[in-house]
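Below is one structure, written out as C-alpha cells; comments come after it.
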Amino acid sequence: MSETTRHSYDVVVIGAGGAGLRAAIEARQQGKRTAVISKSLFGKAHTVMAEGGAAAALGNVNSSDHWKIHFRDTIRGGKFMNNPRMAELHAKEAPERILELEYWGALFDRTPQGRISQRNFGGHEYPRLAHVGDRTGLEMIRTLQQRVVQLQQADAAEFGHPEAMLKVFAETTVTELLLDGEPGGEDTRIAGAFGYVRETGDYLVFEAPAVVLATGGIGRSFKVTSNSWEYTGDGHALALRAGATLLNMEFVQFHPTGMVWPPSVKGILVTESVRGDGGVLRNSEGRRFMFDYVPDVFRDHYAESEEEADGWYADPASHRRPPELLPRDEVARAINNEVKQGRGSPHGGVFLDVSTRLPAEEIMRRLPSMHHQFKELADVDITAGPMEVGPTCHYVMGGVEVDPDTGASLVPGLFAAGEVAGGMHGSNRLGGNSLSDLLVFGRRCGLGAASYLDGLGEERPAVDSDVIERLGAEAAAPFEHEAGENPYQLQQEIQQTMNDLVGIIRRGPEMEQALESLDKLRERVAGVRAEGDTVYNPGWHLTLDLRNMLLVSEAVARAALERQESRGGHTRDDHPAMSAEWRRSNLVLSLREDRIRLRRQPLDTLRPDLMELFDREELGKYLTEEELPPADRSDG
Ligand code: FAD
C-alpha cells in the first residue's frame, strides 16, 4: 500500500535537464522556495547527452557574427515558422547565458587566443557552437548542478539546512498537475503536482502556486529514436490535461544521423559535429549525394562542387558551405531517399566518413565519444573508415504554447521551458540552438514564475483532498485489471504505428490509419495490467507513461494530417510543396472532454526591422504577396 506525503513549495520545477535546472536556479535566486523533480537519476537527462555544443553569437572564431545573423539563421532553419519574439530573445541573450555558465565554472574548449572556442554546425553561417569536445551537455549539467550545490551551501549557512530553499526530488515521476478548479475553467489556476517515488511507489503531493514544466521531448513514441526511456511526452500531456494548449505538434525532427547497426543500438545519435568537423556523406556508389539535394531556398548559400565545398573548411570567406551542413530536415530527407532508391549501405543507411578529412589523433581529440561509441557498440574504428548512419527521431519542435518573455502558458501558474515548450524553433531546430534555448528560457521561466508569485501575495490556490485520493486510485488501477494487456506490447504497437504511419515521410491516408489505430489502442491502454507491486516496478511505471505517449502521438498525428504542406520536420508526400498560405497558421491543440481539438491561429509577423535582415527575393520564397515589404525597399 503506497503512502502519501505532502510538500509545500513556492515553485515546483518538473524536470532536471538544462531548462529545469536553470529555471530552478533563477526561482531560488529570486528568493522562492523551489523543488526540482526528475523522473530519472539527478544528472541523467537529455541535456547531459548533448554532444555538439550550444549556439551563441559570441563572435570568438569569426568576429563578423552577431545576434542578428544568429536570428536570421534560426528563422531560415525554422522555415519562417518560428515565434519571432522567442527567436530574437534567444539570439540576443544566448551569449550572456554562455558567459554566465563559464562564470559558474564551465570549462569550454578554447581558441588559440584563449577565448571560448566555437564550431561549425548545420544552418549556422559562422562557427557558433561553444563546446567541450563532444561532451558539451555533460559540462552544462555539471556546472548547473554545481550552481545548485553552491546555492544550497549558502542556504545551509543562512537557514541551517542545505535544502531549506532548494530541494531535488530524484527518481520521482509526476503523473498529474493539480488545479484549483476544472481544466479550462475561467478562473482555474495551478495548485501543484502529484507523482510517485520510483523506488518505493509512494505518492507525493506538491502544493505550489507555480509549476514549471521542463520535461523535454516525446521521442519514445517512435520506434527508431535517439531519445532515452523517460521521454514519453509527459510534460506535453500534463499541459494538455491541465487545460493548456500545444503548438504545431506536427513538427518532429528526424536527425539525419543515427546509428543503423547493430539492431540493439539503432537510433543512437551520431553527432552533427562529425559533419561540422568535415565528415562527408556518400551512398553505396561512392557518390557525395548531398549536392543533388540542395533546395532552391538555400541554393545561394551552398557549394555546387566537391572542390568548392572542400575549400570552405580552410577558407570560408571565399567558398560556399558544403551541402552536408544543410539544416537537418534536408539532410534527413536526402538520406531517406538514397536508401529508398537502393543506394544505401549494407545495413540500410548511408556512409559518413571523417577519417579521410582528419588525422586519427585529431578525431580522437574532437570526437572522443563518437570514437568510443562506434568502437564499443559496432566494432567500427571511425579514425580508419566510415560509419553507417540513417535518420532517427530526435527532437520535437512542437510544444506548450507560452508567452515568449515569461514562459507562461494559458493556465495561470503553469510555465514551460526547453524542449517541452513550442514556438522557438519553428518547423525545424538548428543544431546547438537547444542548449542555448534551455539557458535563455529556463532563466526567463524562473523569473516569470517568481513574478507570478509576487502578484499573488499571501493568497494560495487550494489542493482538493478528494482529487489526491482519486489520483492515487487511478495510479494503482493497473494492478486491478485482471484481463489487461502487457504494457511493453502496447508501447511497441504505439511506436511501430508512429514510425510507419507518421514518420519522416507522411501521407494523408496513412495518418488517418494511424489515428484509427491509436483510437483502438486507447481502450487497450485504459485496461493495461501491471504485475507485482508498487516497489521499484518499471512495468507499472510504463502503464502510467502509456497514457501520455498515446495522447502525444494523437496530437502529432492530428496536426500532421491537418497541415497540408511540407515544411521543416513535416514532410507530406501528398503535399510536397511549402505553402506561403499555410505558413501563416499555427496549429493549436487543446483537450476537451478527453478528445483533442485543433484550431488554426495566425502566426506573429516579423517586425519590419527584423524583416530587413532578409532580402526580398528570399522573403518571396516564404511569405504571401500581402506580407512582403514594398518592392522598392532597399535590401538590408
Ligand atoms: P531534458 O534535458 O530532456 O530533461 C528533461 C527532464 O525532465 C529530465 O530530468 C527527466 O527526468 C524529467 N522528466 C520527464 N518527465 C518527467 C515526469 N513525468 N516527472 C518528473 N520528471 C520528468 N541540443 C543541442 O543544442 N546541442 C547538442 O549538441 C545536442 N545533442 C543532443 C544529443 C542527444 C543524444 C540528444 C538526445 C539530444 C541532443 N540535443 C542537443 C537536444 C537537447 O539535448 C535537448 O533538446 C535538451 O537537452 C532538452 O533539454 P530539457 O531541459 O528541455 O529537457
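The values are calculated or read from the model by the stated rules, or taken from the named source; none is laboratory data. Model, not experiment: these values are computed from the prediction. Heads up, the Cβs are rebuilt from the backbone with ideal geometry, glycines too, and the neighbour counts pull from every protein chain shown. Side chains are part of the model used for accessible areas, which takes the heavy atoms of the whole protein and leaves out ligands, DNA and RNA. Shrake-Rupley method; radii C 1.70, N 1.55, O 1.52, S 1.80 Å.
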Report task. Arrange the peptides 264-270, 597-603, 516-522 so that the one whose residues have, on average, the most other Cβ atoms within 10 Å appears first. Result -> 264-270, 516-522, 597-603
Report summary line: Taking only C-alpha positions in region 389-449, Rg and Dmax in angstrom work out to 12.3, 44
Query raised in the report: From largest to smallest, what semi-axes in whole angstrom does region 350-491 give when each is the square root of 5 times an eigenvalue of its alpha carbon gyration tensor?
Result: 43, 27, 13
Requested in this report: Please give the per residue accessible area of the chain, computed with a probe of 1.4 Å over protein heavy atoms only, in Å².
Outcome: 37
Query raised in the report: How many angstrom separate the Cα center of region 193-218 from the Cα center of region 323-397?
Result: 37
Query raised in the report: Which three lengths, in whole Å and largest first, does region 296-422 cover when its Cα atoms are put on their principal axes?
Result: 56, 40, 35
Report task. Would you mind counting up the charge near Asp109? Only other residues with Cβ under 11 Å from its Cβ, with Lys and Arg at +1 and Asp and Glu at -1. Result -> +4
Report task. Just the number, please: percent antiparallel of the DSSP beta bridges in region 100-205, rounded to the nearest 5. Result -> 100
Query raised in the report: Points 7 angstrom from Cα along the Cβ direction at Trp229 and Glu593: gap in nanometres?
Result: 3.9
Requested in this report: Within 10 Å, count the other beta carbons around each residue, average over each peptide in 201-211, 419-429, and list them highest first.
Outcome: 419-429, 201-211
Report task. Can you tell me the equivalent ellipsoid semi-axes for region 225-345? Use √(5λ) from the Cα gyration tensor, largest first, whole Å. Result -> 32, 19, 14
Report task. Net charge near Val440: determine it from the other residues with C-beta under 9 Å of the C-beta of Val440, scoring Lys and Arg +1 and Asp and Glu -1. Result -> +2
**Report entry** Mean separation of Cα contacts under 8 Å (6+ apart) over length of region 225-322, as relative contact order %
**Finding:** 15
Requested in this report: Give, as a single signed number, the net charge of other residues whose beta carbon lies under 15 Å from the beta carbon of Arg567, with Lys and Arg counted +1 and Asp and Glu -1.
Outcome: +3
**Report entry** Diffusion coefficient, µm² s⁻¹, Stokes-Einstein with Kirkwood Rh over alpha-carbon pairs of the chain at 4 °C and 1.567 mPa s
**Finding:** 52
Query - Under 5 Å, built H, 5+ apart or other chain: amide partners of Arg506 - result: Thr571, Arg572, Asp573
Requested in this report: Please list Trp582, Trp261, Trp312 in order of solvent-accessible area, largest first, computed with a 1.4 Å probe with all protein chains present.
Outcome: Trp261, Trp582, Trp312
Query raised in the report: For region 527-586, what relative contact order do you get, as a whole percent, if you take Cα pairs closer than 8 Å and at least 6 residues apart?
Result: 18
Query raised in the report: If you take the beta carbon distance between Arg6 and Thr200 as r and set R0 to 22 Å, what does 1/(1 + (r/R0)^6) give as a FRET efficiency, to the nearest 0.05?
Result: 0.90
Report summary line: Per the helix-only model, the chain has a calculated mean residue ellipticity at 222 nm (DSSP H runs of ≥4, -39500 (n - 2.57) each, divided over all residues, rounded to the nearest 500) of -11500 deg cm²/dmol
Query - Mean projected area (nm²) of the alpha-carbon convex hull when region 70-119 is viewed from all directions - result: 4.2
Report task. For the chain, calculate the relative contact order in percent as a whole number, restricting contacts to Cα pairs under 8 Å that are 6 or more residues apart. Result -> 20
Query - Volume of the Cα convex hull of region 210-291, divided per residue and given in Å³ - result: 145
Report summary line: With every protein chain kept in place and a 1.4 Å probe, the residues Asp615, Asp277 fall, from largest accessible area down, as Asp615, Asp277
Query raised in the report: What does region 154-281 give for Rg and for Dmax, in Å, if only its C-alpha atoms count?
Result: 19.8, 58
Query - lysines whose Cα lies under 28 Å from that of Lys32, excluding same-chain neighbours fewer than 8 positions away - result: Lys44, Lys92, Lys167
Query raised in the report: What order do Glu565, Glu3 take when sorted by accessible area (1.4 Å probe), most exposed first?
Result: Glu3, Glu565
Requested in this report: Would you mind classifying region 314-378 by shape? Square roots of the alpha carbon gyration tensor eigenvalues, ordered a ≥ b ≥ c; an a/c under 1.5 is rounded, otherwise it is prolate if a/b is larger than b/c and oblate if not.
Outcome: oblate
Query raised in the report: Taking R0 as 25 Å, what's the FRET efficiency between Asp574 and Arg600 from their Cβ-Cβ distance, rounded to 0.05?
Result: 0.80
Query raised in the report: Nearest-5 percent of antiparallel DSSP beta bridges in the chain?
Result: 65
Report summary line: With the convex hull built on the alpha-carbon atoms of region 34-188, volume per residue in Å³ sits at 168
Query raised in the report: Which values of log₁₀ I(q)/I(0), to two decimal places, follow from the Debye formula for region 94-133 at q = 0.32 Å⁻¹ with a uniform point scatterer at every Cα?
Result: -1.15
Query - Simple spin-label estimate for Thr356 and Gln146 in nanometres, 7 Å along Cα-Cβ - result: 4.1
Requested in this report: Provide the packing ranking of 389-399, 533-543, i.e. peptides ordered by the mean count of other C-beta atoms within 10 Å per residue, highest first.
Outcome: 389-399, 533-543
Query raised in the report: When the Kirkwood radius is taken over all Cα pairs of region 424-548, what Stokes-Einstein diffusion coefficient follows at 25 °C and 0.890 mPa s, in µm²/s?
Result: 132
Query - Spin-label pair Ala156/Asp454, simplified geometry with 7 Å Cα→Cβ offset, distance in nm - result: 3.1
Report task. Work from the charge dipole of the chain (Cβ charges, +1 for Lys and Arg, -1 for Asp and Glu, about the Cα centre) and give the residue of Gly349, Leu410, Ala559 farthest towards its positive end. Result -> Gly349
Requested in this report: Could you compute the FRET efficiency for Leu377 and Asp519, with r as their C-beta to C-beta distance and R0 at 35 Å, rounded to 0.05?
Outcome: 0.40
Requested in this report: Determine how many Å³ per residue the convex hull of the Cα atoms of region 192-237 encloses.
Outcome: 85
Report summary line: Rounded to the nearest whole number, the Stokes-Einstein translational diffusion coefficient of region 480-636 at 37 °C and 0.692 mPa s (Kirkwood radius, C-alpha pairs) in µm²/s is 177
Report task. For Ser585, enumerate residues with amide H under 5 Å from its amide H, sequence gap 5+ or separate chain, H modeled in the peptide plane. Result -> Leu603
Report task. May I ask you to give the percent of accessible area on region 476-594 that is carbon plus sulfur, with a probe radius of 1.4 Å? Result -> 46
